[in-house]
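*Asks:* My questions will all concern the structure given below.
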Amino acid sequence: MANTIVLKRRIGSVKNTKQITKAMELVAASKMRRAQEFAQHGRAYREAAYSLLTRLSAITEVNDHPLFVKRNIKTRLYVVITSNRGLAGSYNSNVIRLLAKAIIEDNKSGVKSQIIAIGKQAAQFARRLEGVDLVAAYDGYGDQPTSNDVRPLLSSLSEMYADKKVDDVQILYTEFKSNIVQIAKSLSLLPARFEATENVDSLAQVTFEPSVAEVLDSVTERLLEVQLWQALLESLASEHSMRMMAMKSATDNASDLIDDLTLAFNTARQSAITQELAEITGGAEAMK
């Protein structure tokens with residue numbers, strides 16, 4: 001009897017856990033759909049910035065701009081995007097593993113490493129590293145970050161690079177490919193660079209006011225802004241997708257465990273009933 005009571009309690013506990021993981025799965029799925037839409041729409045802004053810089057590079061020397069100038073790398077800054085919470089599968093560990101490999105390579109090359117952490121998981125990891133400076137830590141920007149949210153961080157990054165406090169800035173984030181595939185990647189933010197595009201016909205007859213140099217300053221700032229913003233959007237879509245898959249797996253495992261425990265409970269109860277019947281039968285025979 002004691003065995004059946006324990007099994008019954010375990011079944012109830014697993015059912016409660018299943019309800020929680022199912023609810024978290026549904027919440028993550030809802031957030032993932034919105035985050036996926038934002039990420040896909042944000043890619044259009046990035047392409048527009050690339051297109052405009054392609055046009056500007058044809059009429060002025062883009063590489064002379066302070067944020068485009070390349071230097072020998074003595075200090076590298078990593079902007080690491082993770083989540084505030086766990087229960088998201090390998091989402092955080094993939095980015096942190098990528099960061100660890102990059103820091104090891106920096107140490108071998110004699111490059112000093114610095115970190116700006118976005119998300120508590122990255123901050124907790126960075127605080128445990130020796131010889132690596134944690135410049136700043138952000139709790140995150142919510143489920144719908146805007147360009148206004150990232151501008152203070154972008155201003156700090158641009159200022160640090162222009163003042164030669166750092167010689168290279170990398171963004172470590174997770175790119176959203178599909179609900180199943182998400183890839184931890186490193187994006188070079190500074191020195192600024194862009195991918196040349198062929199979609200520049202609409203800019204062929206454009207007159208730049210007040211000057212090409214000032215337009216280049218503004219476009220470069222927008223390029224960096226959209227790259228950082230897009231990395232956040234991709235990371236959010238990946239986080240919610242991986243959390244949804246992790247919670248779905250946990251829910252399925254809970255269902256399997258409930259089935260196994262229920263079978264064990266029924267077996268134990270049947271054994272107890274059989275034993276009681278045998279004792280009654282034996283007592284009846286003894287009375288004869």
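The values are calculated or read from the model by the stated rules, or taken from the named source; none is laboratory data. Keep in mind that this is a model prediction, so the values were computed, not measured. All Cβ positions, glycine included, derive from the backbone under ideal geometry; neighbour counts span all protein chains shown.
*Asks:* Name the single residue, out of those in the stretch 132-184 being of a type in the set (Val, Ile, Thr) and under 27 Å from residue 249 (Cα atoms), that is surrounded by the most Cβ atoms within 10 Å (Cβ to Cβ).
*Replies:* Going residue by residue through the stretch 132-184, those that are of a type in the set (Val, Ile, Thr) are 132, 135, 146, 150, 166, 169, 171, 174, 180-181, 183.
Okay, now just the ones that are also under 27 Å from residue 249 (Cα atoms), so 174, 180-181, 183.
On the way: 174: 28, 180: 8, 181: 10, 183: 13.
For the stretch 132-184, the residue satisfying everything is 174.
*Asks:* Across the stretch 104-122, what is the total count of residues that are over 17 Å from residue 165 (Cβ atoms) and out of contact with any Asp or Glu (no Cβ under 9 Å at 6 or more places or on another chain)?
*Replies:* Taking the stretch 104-122 first, the residues over 17 Å from residue 165 (Cβ atoms) are 104-105, 107-110, 117-122.
This time we only want the ones that are out of contact with any Asp or Glu (no Cβ under 9 Å at 6 or more places or on another chain), so: 104-105, 107-110, 117, 121-122.
Residues in the stretch 104-122 being over 17 Å from residue 165 (Cβ atoms) and out of contact with any Asp or Glu (no Cβ under 9 Å at 6 or more places or on another chain): 9 in total.
*Asks:* Quick one: count up the residues across the stretch 212-259 that are free of Cβ contacts under 8 Å to residues at least 40 places away in the same chain and farther than 29 Å from residue 84 by Cα.
*Replies:* 4
*Asks:* While we're on this one: Which members of the stretch 91-124 meet the condition of being assigned to a helix (DSSP H, G or I), touching a Ser or Thr at 6+ places or on another chain (Cβ under 8 Å) and either farther than 16 Å from residue 168 by Cα or of a type in the set (Asp, Glu) (or both)?
*Replies:* 91, 92, 94, 95, 96, 98, 106, 120, 121, 122
*Asks:* Does any residue of the stretch 43-62 turn out to be β-branched (Val, Ile, Thr), at pLDDT 80 or above and either touching a Leu at 6+ places or on another chain (Cβ under 7 Å) or not in a helix (DSSP H, G or I) (or both)? Lay out the reasoning, then the answer.
*Replies:* Of all residues in the stretch 43-62, those β-branched (Val, Ile, Thr) come to 54, 59-60, 62.
Next cut, at pLDDT 80 or above only: none.
Checking the stretch 43-62: not a single residue is β-branched (Val, Ile, Thr), at pLDDT 80 or above and either touching a Leu at 6+ places or on another chain (Cβ under 7 Å) or not in a helix (DSSP H, G or I) (or both).
*Asks:* Sticking with this one: Taking interchain pairs and intrachain pairs at least six residues apart, which have beta carbon atoms under 6 angstrom, with the first residue in the stretch 146-160 and assigned by TED's automatic domain parsing to the domain that holds residue 68 and the second among the hydrophobic types (A, V, I, L, M, F, W, C)?
*Replies:* That search, which allows pairs on different chains as well, returns 147/229; 150/228; 150/229; 154/224; 154/228; 157/169; 160/166.
*Asks:* Report, by residue number, each residue of the stretch 109-168 that is of a type in the set (Gly, Ala, Ser) and either modelled with pLDDT under 85 or over 30 Å from residue 37 (Cα atoms) (or both).
*Replies:* Just the residues of the stretch 109-168 that are of a type in the set (Gly, Ala, Ser), to begin with: 109-110, 113, 117, 119, 122-123, 126, 131, 136-137, 140, 142, 147, 155-156, 158, 162.
109, 110, 113, 126, 131, 140, 142, 147, 162 - these are the residues of the stretch 109-168 that are of a type in the set (Gly, Ala, Ser) and either modelled with pLDDT under 85 or over 30 Å from residue 37 (Cα atoms) (or both).
*Asks:* Looking at residue 200, is it among the aliphatic types (A, V, I, L, M), modelled with pLDDT under 75 and out of contact with any His (no Cβ under 6 Å at 6 or more places or on another chain)? Talk me through it step by step, then tell me what you get.
*Replies:* Details: among the aliphatic types (A, V, I, L, M): yes; modelled with pLDDT under 75: yes; out of contact with any His (no Cβ under 6 Å at 6 or more places or on another chain): yes.
Yes: the conditions hold for residue 200.
*Asks:* Does the stretch 153-168 include one or more residues that are under 12 Å from residue 114 (Cα atoms), part of a strand (DSSP E or B) and in contact with a strand residue (DSSP E or B) (Cβ under 6 Å, 6 or more places away or on another chain)?
*Replies:* Yes, the stretch 153-168 has at least one match.
*Asks:* For the stretch 1-34: of the residues being among the basic types (Lys, Arg) and at pLDDT 80 or above, which is surrounded by the most Cβ atoms within 10 Å (Cβ to Cβ)?
*Replies:* Among residues in the stretch 1-34 that are among the basic types (Lys, Arg) and at pLDDT 80 or above, the one surrounded by the most Cβ atoms within 10 Å (Cβ to Cβ) is 18.
*Asks:* Further, regarding this structure: Kindly list the number of the only condition in (1) modelled with pLDDT of 70 or more; (2) not assigned by TED's automatic domain parsing to the domain that holds residue 90 that fails for residue 234.
*Replies:* Every condition holds for residue 234 apart from (2).
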